[in-house]
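Here's the structure, in structure tokens; my notes come after.
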Amino acid sequence: MDRLSSFLLRRLHHVQRRDVRRLAVRNGLLMMKTAVIDGLVVGRYVPAFDPSHLTGEVERDRQWVRDRLAAFLIDAPQDTSGRPDLLSAAPVWPAQLRRRLAGNGADDAALAYVVRVVAEAGEVIGIKTMATVLLLAAAMEESGVELRDLVAFLRQPAGVFSVQVAVEGFERALPHLVEETAFLPFGPYVGMAADFTFGDELWRFVEGQAKRVFLQIPVAQSYRPSRSSMRAQLLWALAHGSPVLAVAETHQGVPDQVDLTSDVRLTGGGINVTLLADLLEAIYGSDPVLRHDGLIAVVDAGALTLDDLAIAIRPGRPILSSIDALAGLAVHNREERHSEKDKDNASSSRRLITEHPSGRSASSSQDRNAEGETSSSPGKRRSKAQPTGAEVIQPVPADAGTPGEGSPPLLVETLTGYGEAKEWALGLKSDLTDYLNGDLAWSHMSTKLLLSGPPGTGKTTFARAMCNSLRIPLVVTSVSTWLQGEYLNAVLDRIENTFAEARAQAPCILFIDEIDGIGMRVSASRQYADYWNACVNKLLELLDGAVKSEGVIVVGATNRPNEIDEAIRRSGRLETHIDIPRPDIPALAGILAHHLGADLDFVAKSDTQDGGQP
């Protein structure tokens, strides 16, 4: 193992054990004592339990601590306010390990040994994390980047870092290393793949501690921001002094906007035999690795992923078993990739066979219609659109009424109990008339609204009333309808096609129910973060686009406005937020009057005849 890899792995172990010691102090397993030496205040850890139970055999003592004191080596649960619940979280001491004032009758060497055993017992060895560190070290060596230069740019605000390592799983593993460990200096860090996090602060209070915010650029995920969106995110982050990190694991590479402005650019090959040997040495020691060097050399390392390493190499497992598992997984991956390639080739061959020699498809006119060419206009093509599940509602004619039912058409003008929402809609109606007459630009109108309120307060009714009052179509959809897609790409297509359908109906109202279901963007290292972040980012992109696409009024409805991503409610998107309260007595009377219509007098009269109060 080279010096850089060895140093970085030692640092990883050091920061993990340091965190374990600090956690043990918070939980009461260790205590901190201070002393003044040469005018300096020096602290040292001492055990808060009776260390006479330890034997001096490191492996045996580690296991003893794990068996009996595991509760003191894990994070205490936190309440909803984010503060530790010390009363409910305090671990219970075993009867034979009563608390005592440590240090009496024990020399410094013995106490230091006890503290070391506690730190090692609580350390969790992550194979993927260690492999990520080794891949990072290899990329630094290959790119000629000195460690001191990397640290210098980490110290500075608004550093831009691009890392490209061709290993499956690396794009998620590196942000996890940055966020979940104290491996990088000048942290801790929290990564966000969106511009809304970059406010005026460089640090954000997350999970009980202040963390330095950095922008993570999605590269190999299913969703990539547009060039303009990515440029805006970069400018926002750099203007506020936040670092930028772009990680790539595929041939797509780092986006040009990041690559051309990078302070540090790292490029690494991938998993090779040297990295396998270094990783096995870190787990088993150098002697066992040297004895099995020949077996390691025959492993097809390039076919392995980070997940394969974590599956095959586990602490306590014999090294031969780990090497055999690595070899088997490599062969399995190669065969699986060849099989997928053969399927792709066969699919391409079938497509070529069905084509006409002239290059046109030999399919029937019905098939051509399914692909977007109508029989009535064979020369006109349109792109194939997937069904969105949206419903298009046309306004009720002004003079239609509802004969025999006594209920007039639903209009904003006749709604009661809607307050500011009613005023906003009537103002929009006036602006829409001016816009259609050419007297007002669409960009000068308030055309985006977030409507919130408890269930049953009539948010959908309000949208239907707007449709009738403004005399324009209403396109109704919901987030749950979007999420009916089987895969992420299908979901993103449903979202985009819904907005396209609304633009085709313009001028119109696009009503999005249950908009809180789109969720909030989270750290890229969280489980399923790429899925939900992609959905939110797609909606943000389309809301921005709707500003430029005239004729679409967007109304989002929710029962839980606080669970909506902050960026959705930002200027230019659903910036106008109106809450509909529960109806009071006058509003309830107006609602009854609307629904009963001409029957209201009959109901009131019959109630009086039955002995009720008029």
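Bear in mind that the values in this text are calculations on the coordinates, not laboratory data. These figures come from a predicted structure and were not determined experimentally. Counting neighbours? That spans all protein chains shown, and the Cβs are built from the backbone with ideal geometry, glycine included.
Starting from 0.36 nm per residue, how many nanometres of slack lie between SER6 and GLN484 once their C-alpha separation is accounted for?
167.2 nm
Within segment 456-482, whose backbone N sits under 11 Å from a point 7 Å along Cα→Cβ of THR414?
Label zone hits: none.
Taking 0.36 nm per residue of sequence separation and subtracting the Cα-Cα distance, how much length would be gained by fully extending the chain between ARG291 and ASP256, in nm to one decimal?
Details: separation 35, 0.36 × 35 = 12.60 nm, distance 4.58 nm.
Extra length from ARG291 to ASP256 when fully extended: 8.0 nm.
With each label point set 7 Å from Cα along the Cα-Cβ vector, what nm distance links ALA35 and ALA504?
In this crude label model, ALA35 to ALA504 measures out at 8.0 nm.
What order do you get for 426-433, 265-272 when each peptide is scored by the mean count of other beta carbon atoms within 10 Å, highest first?
So the order, starting with the most tightly packed, is 265-272, 426-433.
Go through PRO455, ALA421, ILE495 and say which Cα lies farthest out towards the positive end of the charge dipole of segment 391-582; charges sit on Cβ, +1 for Lys and Arg, -1 for Asp and Glu.
The one lying farthest along the dipole's positive direction is PRO455.
Over segment 391-582, what relative contact order in percent results from Cα pairs under 8 Å that are six or more residues apart?
Over segment 391-582, the number comes to 30 percent.
With +1 assigned to the C-beta of every Lys and Arg and -1 to the C-beta of every Asp and Glu, and no other charges, what is the dipole magnitude of segment 273-345 about the Cα centre in debye, to the nearest 20?
I would put it at about 120 debye.
Could you calculate the FRET efficiency of ILE125 with THR576 from 1/(1 + (r/R0)^6), where r is the beta carbon distance between them and R0 is 60 Å, rounded to 0.05?
The calculated FRET efficiency here is 0.70.
Taking the Cβ of GLY517 as the centre, find all other residues whose Cβ is under 12 Å away and add up their charges (Lys, Arg: +1; Asp, Glu: -1). Kindly include the intermediate steps, with their values, before the conclusion.
Working: positive: ARG560; negative: ASP513, GLU514, ASP516, GLU563, ASP565.
Net charge in that neighbourhood comes out at -4.
With the cut-off at 1.5 for a/c, could you classify segment 391-582 from its C-alpha gyration tensor as rounded, prolate or oblate?
Prolate, since a/c reaches 1.5 and a/b exceeds b/c.
Once you keep just the Cα pairs under 8 angstrom separated by 6 or more residues, what percentage relative contact order results for segment 427-532?
Working: 82 pairs, mean separation 24.7, N = 106.
Value for segment 427-532: 23 percent.
Once you have a ≥ b ≥ c as the square roots of the Cα gyration tensor eigenvalues for segment 273-345, tell me rounded if a/c is under 1.5, and otherwise prolate or oblate according to whether a/b is larger than b/c.
It comes out prolate by the Cα gyration axes.
Around LEU279, under 15 Å between beta carbons, what's the net of Lys plus Arg minus Asp minus Glu among the other residues?
Spelling it out: positives minus negatives among the neighbours equals -2.
Please name which of VAL167, GLN156, THR129 has its Cα lying farthest along the dipole of segment 123-177 towards the positive end, using unit charges on Cβ (Lys, Arg +1; Asp, Glu -1) and the Cα centre as origin.
GLN156
Report the net charge of residues surrounding VAL554, where surrounding means a beta-carbon distance below 10 angstrom and charges are Lys +1, Arg +1, Asp -1, Glu -1.
My count for the surroundings of VAL554 gives +2.
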